[in-house]
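> Right, I'll just put the structure down here and ask away after.
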Amino acid sequence: MDLLIGTSNAGKLGEFQELLIGVDLRLLSLKDVGLGDMDVAEDATTLEENAALKVKAYSQASGLITVADDTGLYVDALDGRPGIYPARYGGPGLTPKDRRQKLLGELQGVPAEKRTARFVCVIAVANPQTAEVTHVRGVCEGHIALAEDESGGGFGYDPVFIPEGYNATFSSLPLDEKNRVSHRGRAASMMIPILRRMADEK
Ligand code: ITT
């Protein structure tokens with residue numbers, strides 16, 4: 001079965017490709033199907049609705065079974081900000097590094113034990129034939145580091161997020177290790193049986 005990975009974020013795409021190794025699917029990216037420039041307005045108020053908006057738009061445009069995710073980052077000391085829209089945190093035109101610096105700046109003076117945070121990832125799958133959308137949700141607890149990890153790995157907020165049980169940020173973990181404990185990895189482990197069933201029914 002062909003499966004379209006509906007994301008324009010290269011970091012997410014790489015993680016999905018690694019997470020789905022060993023599942024008997026032919027993975028396609030938006031670029032592979034000529035939808036590399038397609039933009040979907042994410043204007044809903046929940047991760048589930050935003051994931052559904054993406055997955056429906058990409059599956060209808062491609063005619064393919066599609067997965068997409070919407071991810072939030074919730075920092076307790078900031079009353080849950082960045083929240084559902086971490087890609088927009090700090091305003092338009094910022095780089096991911098600018099947004100991380102903004103987050104560290106807002107947390108200046110907050111001690112390590114009060115920097116608790118969690119990533120929440122909702123993965124949705126849509127079948128264009130039935131228009132059916134199914135969601136799964138994965139959570140990764142952790143805390144925001146005191147400073148940016150300059151090791152260069154990962155994407156987005158990885159250089160400032162330390163998952164529970166680790167002394168290192170997501171940036172410095174090998175991808176298979178991040179995927180074992182991450183929000184996206186946990187959601188994917190629930191999504192894989194659903195994808196296998198869809199492939200069997202094809
Ligand atoms: P798509 O909608 O095309 O998938 P996006 O980057 O806009 O790409 P989101 O709307 O889900 O995706 O935004 C999530 C933001 O949180 C974005 O800035 C990401 O860089 C960041 N993010 C998501 N997953 C992350 C992860 O596993 N580690 C670090 N940052 C992450």
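The values are calculated or read from the model by the stated rules, or taken from the named source; none is laboratory data. Because the structure is a prediction, the values reported are computed rather than measured. Every residue, glycine among them, receives a Cβ derived from its backbone with ideal geometry; neighbour counts consider all protein chains shown.
> If you go through segment 87-110 one residue at a time, how many are in contact with a helix residue (DSSP H, G or I) (Cβ under 9 Å, 6 or more places away or on another chain), of a type in the set (Gly, Ala, Ser) and not in a helix (DSSP H, G or I)?
2
> Please find, among 85, 58, the residue that is within 13 Å of the chain's Cα centre (by Cα) and of a type in the set (Phe, Trp, Tyr). Let's see the steps before the verdict.
On the way: 58 fails: within 13 Å of the chain's Cα centre (by Cα).
When all the criteria are applied, what remains is 85.
> Moving on to the next point. Could you figure out which of (1) at pLDDT 95 or above; (2) part of a helix (DSSP H, G or I) isn't true of residue 197?
Status for residue 197: all satisfied but (1).
> Would you call residue 99 at pLDDT 95 or above and either more than 12 Å from the ligand (Cβ to nearest atom) or closer than 19 Å to residue 20 by Cα (or both)? Give the steps one after another, and end with the answer.
Working: at pLDDT 95 or above: yes; either more than 12 Å from the ligand (Cβ to nearest atom) or closer than 19 Å to residue 20 by Cα (or both): no.
When the stated conditions are applied, residue 99 does not pass them.
> Please verify whether segment 168-175 includes one or more residues that are in a helix (DSSP H, G or I) and surrounded by fewer than 21 Cβ atoms within 10 Å (Cβ to Cβ).
The answer is yes; a qualifying residue exists.
> Another question, if that's okay. Mind listing just one residue for me: the one in segment 88-122 that is touching a residue at least 40 places away in the same chain (Cβ under 8 Å), aliphatic (A, V, I, L, M) and touching a Lys or Arg at 6+ places or on another chain (Cβ under 8 Å) and, of those, farthest from residue 6 (Cα to Cα)? Steps first, please.
Taking segment 88-122 and keeping what is touching a residue at least 40 places away in the same chain (Cβ under 8 Å), we get 96-97, 99-101, 103-104, 115-122.
When the remaining residues are screened for being aliphatic (A, V, I, L, M), the result is 103-104, 117, 120, 122.
Narrowing further to those that are touching a Lys or Arg at 6+ places or on another chain (Cβ under 8 Å): 120, 122.
Values: 120: 18, 122: 13 Å.
Filtering first and then ranking leaves 120.
> Moving to a separate point now. Select from segment 120-147 the residues that are within 24 Å of residue 108 (Cα to Cα) and either surrounded by 16 or more Cβ atoms within 10 Å (Cβ to Cβ) or among the aliphatic types (A, V, I, L, M) (or both) and list them in ascending order. Show your work before the answer.
Here is the first cut: in segment 120-147, the ones within 24 Å of residue 108 (Cα to Cα) are 120, 140-147.
Correct list: 120, 140, 142, 143, 144, 145, 146, 147.
For every residue, the table says whether it meets (1) in a helix (DSSP H, G or I); (2) over 15 Å from the mean Cα position of the chain (by Cα); (3) near the ligand (Cβ under 10 Å from one of its atoms).
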{"residue": "7", "(1), (2), (3)": "no, no, yes"}
{"residue": "15", "(1), (2), (3)": "yes, no, yes"}
{"residue": "42", "(1), (2), (3)": "no, no, yes"}
{"residue": "45", "(1), (2), (3)": "no, yes, no"}
{"residue": "54", "(1), (2), (3)": "yes, no, yes"}
{"residue": "73", "(1), (2), (3)": "no, no, yes"}
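> Give the residue, chosen from 128, 82, 92, 111, that is of a type outside the set (A, V, I, L, M, F, W, C) and at pLDDT below 95. If you could, list the steps in order and put the result at the bottom.
On the way: 82 fails: at pLDDT below 95; 92 fails: at pLDDT below 95; 111 fails: at pLDDT below 95.
It is 128.
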